[in-house]
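Following: one structure in structure tokens, then a few remarks.
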Amino acid sequence: MSDYSMKDIEWAKINRDVLASLESPRKEFWMVLSVCVLLVLCGAAAEAYQYNEGLGVALMNRPHFWQLYISNFVFWIGMSHSGTLLSAILLLTQADWRKPIYRFAEAMTLFSILTAAIFPVIHLGRVWNMYWVLPYPNERTIWPNFRSPLLWDAAAITTYATSSVLFLYIGMIPDLAICRDNATGWRKKLYTALSIGWMGRASEWMAFRKTYVLLACFLVPLAVSVHSIVASDFAMSIMPDWHITSFPPYFVAGALYSGCAAIITLFVLLRYVFKFEEYMTTEIMDKTAKLTFAIAMVWNYLNLGEYASIWYSNDMFEKEVLLEKFFGPYHWVVWGMLICALIAPFAMAFKKVRHNMWAMFWLSLVLQLGMWLERFQIVSPPLASNHEPWTWAVVWPGTVQLTITAASFGWFTMLFLIFCKVFPSVSMYEVKEMVFHRRKASSRTDMEDLSKVKDEMIKTEEGLS
Amino acid sequence: MRRRKKHFLFGVYDDFDKARDVVSELKVLDLKEMVVDGIELYSPIEHPEVEEILGEFHQPIQRFTFFGAITGACCAFLLVAAAAQAMFTVQPQGGKPVIPLPMDIVITYEGTIMFGVYSTIIAFLIYAGMPKRLKKYYTQKVSEDQIGVEVQVDPAKSDKARAVLEKCGALEIREVTQ
Amino acid sequence: MTLKRMLENWSDLRKQDYYEDEPYMWGMSIDLNKCIGCGSCVTACYAENNLPAVGKEHYSTGHAMHWMRIERYWEEPEGEADIDIKDSDYPERGAHYTPMMCQQCNHAPCEPVCPVAATYHTPDGLNAQVYNRCVGSRYCGNNCPYKVRYFNFFDFLKDVPHPLEMQLNPDVSVRTKGVMEKCTFCVQRIRSAKDAAEDEGHRDYIEDGSFKTACQQTCPTEAIVFGNLKDEESQVKKLWASHEVELNHFEQDKSEDVRGYRVLEELNVEPCVMYLDRVRDTEA
């Protein structure tokens, strides 16, 4: 029963602890936030420059029509995966260690989608016409082209973004009610509006639970489909080393992998900053790390399996690209990826590492770096050595692209920081449920023990007589 | 016709088991004297066992989900198929048919999920009766660690119900007519 | 209404070869043994289609806009880096030119990937690019195995010094930044020829050779032949037939002395341009 060292916490204390995290932020908070805002402003300036001059200033060219924007897009979409997907899967399998960590993981999902959604937009040549991608009726009967994987992307991401916002929001309503009951001023108004009159009535709880499980049932296949559709951007093309059958599952595994790493990073930070040691326990970290390790192994397998299939098919173009990847101009990206994302996760096989918060923190950053490099090596090297040798060229992303990439990290952090101060980043009601059920279960085991003793007494009595 | 005024009693307890006892006692009372018009529990966490006490809730949310998802699939497929041939110039592309079925599967899939999720949310709002204003007797204690029992009673016989609520160890009782 | 139309034409809309009964399909044949790599086709294309001359700097960063380009491949005997070797048995070794432009594939991989349907197949077999509709996602450029789609990374023709804008071809639109473009088989010439044929009363027939594409017109060795592949009498069709290149075949059964092939035929993209070259064994 002592799976978790989470003690029997007073419910009122749970409220106090979590609501304390919403209180007026410290100086450090404003410092980090202003750095983030500054990064976002730099990114906006770079985008304005690119908007006025044309995409050439991003140093993309023919054949490098796509570059860092797309690999960042894949990276952020990938990061968005574990939050909602893991939360939904763990909900359906009734793994209750999800309860203290799912809220911030889902928020991470939402904000990384919001970050990812920027990239296909600024990547467009004519940003000002981007609404043409939407299927709106018009007098010229012009419609978008639903055959294009980019449209599938748009559909999948819209569905995913709205569904995970709703999933996050629905799961947060009881907590918003708690906030409402304890808040004053503008916060009171905000929480009153958002909690839409939740009072914790039995009929509300029943409808809530049913809805929550139904949403989770949708979100699992949805999340899988979203990243396989992102993979389709590549897999549906004709390019060597993009046109790979195993790309969709490979992308989904990679997405879960980098998302889990991001969860670990934020886990350690929140635990440290908000002093959530009682909720985000070492045992939960241990379980998260084990899960990450398992996903890392799936990703490893799919990654290496892809090389095997190229080696086996002996396809001229694919083999060329593969050799170029390992020994060509982009070789350090590929080797960097292999070291950071393929070898580094084996550290999680050791209990000492899994139980050391800061070791996990740095490890998770290494894993994310590896996965970021992985996205770059998916996009760029195949373009550099395509079907047409005359166009082969090596291009590295320029200042504009790098600035916007840095800005995307600032944007994500900014949103997440604001979220942490406005919304409870640990689910209060679910932690209460966890405590309640554990208390009940432990009292039940006590009773079972008693009845055993009683049985034995009866037996001995019978034996005596 | 003038709306009949409703009379509510609201008791707060510090334990779920006490609230359970109150509800069963109220039911006994109701059998005898027909005083209770409705009972509702307010709690900070979900208790799946309330259905055993309060009777089953009729909340067919999954039906909304099911039909929403089917509608979504049909709408999405019709949208892609119709959009492909509604272009001012019918567009054959890549030597493939104008309405390519394998490609439409993806959008159909997304449409299914999208409508399924939305209709589930709508059903949730309907069956949870939200959004709504807070009740006058609502206390923030029930969002923290206490259980509230709301009883709608015949105003003339509210004393009896009140006695039951008190007997089971209510921390506080609020009485409201509206 | 749309729905009714869709249901009525369902079998048509599900057909693979939607333009089967159309009278035109434009095709080309380029004889690489005749090509001397002079680049006059490139120049003609620049002049005809309002292509911007991007300058040395942009050219070196890969932003050139040459719809028609001469790819030069230098053949070296295996194992020896020195190209000045005396190799009298194979005098043709050395530079090797391939004029490369949009192959107007019938199974074009660039078409279905466009999110806004800015590129599609026209009834006369052209791979059309609608500049006005393009939003610049550049997916088509990636998915083109020949890499013959060119993206306006800058607004090249924005500030043309005064008299120079007079040399722009009024029949061809000037593209702005953020738009993809590519060889059109000189669609403006095709259109005016069609109009002329219609005026003369034969809508379904254009006399072979009554008009030429800019590159064909300029080629000093007449290596480029252009025409209607559905016209049995046209020169290009005859060339295709004599070199045993057929549409809808990606593994051609070749006799000894024919030279026809299509570039990257094995990808099954059905290009409409046939190249003529004797395939040599470089290791011999």
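The values are calculated or read from the model by the stated rules, or taken from the named source; none is laboratory data. Nothing here was measured: the structure is a model prediction, and the numbers come from that model. Because the Cβ atoms are built from the backbone with ideal geometry, glycine has one as well, and the counts that use them run over all protein chains shown. Note: areas computed on protein heavy atoms with side chains; ligands, DNA, RNA excluded. Shrake-Rupley method; radii C 1.70, N 1.55, O 1.52, S 1.80 Å.
Do we have any residue at all in region A:171-183 that's open to solvent by 40 Å² or more (accessible area, probe 1.4 Å), more than 30 Å from B:A84 (Cβ to Cβ), facing chain B (nearest Cβ under 9 Å) and in a helix (DSSP H, G or I)?
Yes, there is a match, as at least one residue in region A:171-183 is open to solvent by 40 Å² or more (accessible area, probe 1.4 Å), more than 30 Å from B:A84 (Cβ to Cβ), facing chain B (nearest Cβ under 9 Å) and in a helix (DSSP H, G or I).
Can you tell me which residue within region A:246-271, out of those that are farther than 19 Å from A:P381 by Cβ and in contact with a His (Cβ under 7 Å, 6 or more places away or on another chain), is nearest to the other protein chains (Cβ to nearest Cβ)?
This residue is A:V252.
So which residues in region B:135-168 are away from chain A (no Cβ under 14 Å) and β-branched (V, I, T), if there are any at all?
B:V153, B:V164
Return the residues of region A:269-316 that are of a type in the set (S, T, N, Q) and either surrounded by 18 or more Cβ atoms within 10 Å (Cβ to Cβ) or part of a helix (DSSP H, G or I) (or both); say none if nothing qualifies.
A:T281, A:T282, A:T288, A:T292, A:N300, A:N303, A:S309, A:S313
Of everything in region C:189-209, what is open to solvent by less than 40 Å² (accessible area, probe 1.4 Å), touching a residue at least 24 places away in the same chain (Cβ under 8 Å) and out of contact with any Leu (no Cβ under 9 Å at 6 or more places or on another chain)? Give them in sequence order.
C:I206
Kindly evaluate A:S34 against the criterion of being open to solvent by less than 10 Å² (accessible area, probe 1.4 Å) and either part of a helix (DSSP H, G or I) or closer than 26 Å to A:I113 by Cα (or both).
No, not satisfied.
Yes/no matrix, rows are residues, columns are (1) more than 14 Å from chain B (Cβ to nearest Cβ); (2) small (G, A, S); (3) within 15 Å of the chain's Cα centre (by Cα); (4) buried (at least 19 other Cβ atoms within 10 Å of the Cβ):
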site	(1), (2), (3), (4)
C:L7	no, no, no, no
C:Y18	no, no, no, yes
C:E22	no, no, no, no
C:W26	yes, no, yes, yes
C:C38	yes, no, no, no
C:C41	yes, no, yes, yes
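Looking at A:E139 and the list (1) within 28 Å of the chain's Cα centre (by Cα); (2) more than 8 Å from every other protein chain (Cβ to nearest Cβ), which single condition is not satisfied?
Here A:E139 meets the rest and fails (1).
Any chance region B:50-60 includes a residue that's buried (at least 20 other Cβ atoms within 10 Å of the Cβ), under 15 Å from the mean Cα position of the chain (by Cα) and assigned to a helix (DSSP H, G or I)?
yes
Residues of region B:72-88 being surrounded by fewer than 16 Cβ atoms within 10 Å (Cβ to Cβ) and more than 7 Å from every other protein chain (Cβ to nearest Cβ), which ones?
Passing the criteria: B:C74, B:C75.
Could you tell me whether A:W242 is in contact with a helix residue (DSSP H, G or I) (Cβ under 9 Å, 6 or more places away or on another chain), within 30 Å of A:D153 (Cβ to Cβ) and in a loop (DSSP other than H, G, I, E, B)?
For A:W242, the condition - in contact with a helix residue (DSSP H, G or I) (Cβ under 9 Å, 6 or more places away or on another chain), within 30 Å of A:D153 (Cβ to Cβ) and in a loop (DSSP other than H, G, I, E, B) - is met.
Could you list all residues from region A:367-425 that are of a type in the set (V, I, T) and either open to solvent by 20 Å² or more (accessible area, probe 1.4 Å) or in contact with a helix residue (DSSP H, G or I) (Cβ under 9 Å, 6 or more places away or on another chain) (or both)?
A:I378, A:V379, A:V394, A:V395, A:T399, A:V400, A:T403, A:I404, A:T405, A:T413, A:I418, A:V422
Looking only at region C:142-181, how many residues end up being surrounded by 19 or more Cβ atoms within 10 Å (Cβ to Cβ), more than 7 Å from every other protein chain (Cβ to nearest Cβ), assigned to a loop (DSSP other than H, G, I, E, B) and among the aliphatic types (A, V, I, L, M)?
Residues in region C:142-181 being surrounded by 19 or more Cβ atoms within 10 Å (Cβ to Cβ), more than 7 Å from every other protein chain (Cβ to nearest Cβ), assigned to a loop (DSSP other than H, G, I, E, B) and among the aliphatic types (A, V, I, L, M): 2 in total.
Name the residues in region A:46-72 that are over 15 Å from A:P120 (Cα atoms), in a helix (DSSP H, G or I) and touching a residue at least 60 places away in the same chain (Cβ under 8 Å), would you?
Selection gives A:A46, A:Y49, A:V57.
Every residue, every condition in (1) touching an Asp or Glu at 6+ places or on another chain (Cβ under 8 Å); (2) under 30 Å from A:I404 (Cα atoms), yes or no:
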| residue | (1), (2) |
| --- | --- |
| A:F75 | no, yes |
| A:S80 | no, yes |
| A:T84 | yes, yes |
| A:I89 | no, no |
| A:L92 | no, no |
| A:K99 | yes, no |
| A:M108 | no, yes |
| A:L114 | no, yes |
| A:I118 | no, yes |
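Just one of the numbered conditions (1) at pLDDT 90 or above; (2) within 13 Å of chain B (Cβ to nearest Cβ) is not true of C:K56; which one?
Only one criterion in (1) at pLDDT 90 or above; (2) within 13 Å of chain B (Cβ to nearest Cβ) is unmet by C:K56, namely (2).
Hey, can you tell me all the residues within region A:199-215 that are facing chain B (nearest Cβ under 7 Å), open to solvent by less than 10 Å² (accessible area, probe 1.4 Å) and under 26 Å from B:F115 (Cα atoms)?
A:E204, A:W205, A:A207, A:F208, A:T211, A:L215, listed by residue number.
Take the residues in region A:112-129 that are among the hydrophobic types (A, V, I, L, M, F, W, C) and over 26 Å from the mean Cα position of the chain (by Cα); name whichever of them is surrounded by the fewest Cβ atoms within 10 Å (Cβ to Cβ).
A:W128
Would a scan of region C:62-73 turn up a residue that is modelled with pLDDT under 90 and more than 14 Å from chain A (Cβ to nearest Cβ)?
No; the residues of region C:62-73 include none that is modelled with pLDDT under 90 and more than 14 Å from chain A (Cβ to nearest Cβ).
Which members of region A:327-341 meet the condition of being without any contact (Cβ under 8 Å) to a residue 12 or more places away in the chain and more than 29 Å from the chain's Cα centre (by Cα)?
Listed by number, the list holds a single entry, A:F327.
Among the residues of region A:237-245, is there at least one that is in contact with an Asp or Glu (Cβ under 9 Å, 6 or more places away or on another chain), open to solvent by 10 Å² or more (accessible area, probe 1.4 Å), within 14 Å of chain C (Cβ to nearest Cβ) and without any contact (Cβ under 8 Å) to a residue 40 or more places away in the chain?
yes
Can you confirm whether region A:151-160 contains a residue that is under 25 Å from B:P100 (Cβ atoms), in a loop (DSSP other than H, G, I, E, B), open to solvent by less than 10 Å² (accessible area, probe 1.4 Å) and free of Cβ contacts under 8 Å to residues at least 24 places away in the same chain?
Checked against the condition, which is being under 25 Å from B:P100 (Cβ atoms), in a loop (DSSP other than H, G, I, E, B), open to solvent by less than 10 Å² (accessible area, probe 1.4 Å) and free of Cβ contacts under 8 Å to residues at least 24 places away in the same chain, region A:151-160 yields no hits at all.
Would you confirm whether or not region B:72-91 contains a residue that is in contact (Cβ under 8 Å) with a residue 40 or more places away in the chain and not small (G, A, S)?
Yes, region B:72-91 has at least one match.
List every residue pair whose Cβ atoms sit under 7 Å apart, with the two residues 6 or more apart in sequence or on different chains, where the first one lies in region C:29-56 and is among the basic types (K, R) and the second, anywhere, is buried (at least 17 other Cβ atoms within 10 Å of the Cβ) and at pLDDT 90 or above.
C:K34/C:A223
Quick check: anything in region A:419-442 at pLDDT below 85 and either farther than 30 Å from A:R180 by Cβ or touching a strand residue (DSSP E or B) at 6+ places or on another chain (Cβ under 8 Å) (or both)?
Yes: one or more hits.
Among the residues of region B:7-46, which ones are without any contact (Cβ under 8 Å) to a residue 24 or more places away in the chain and open to solvent by less than 40 Å² (accessible area, probe 1.4 Å)?
B:I45, B:E46
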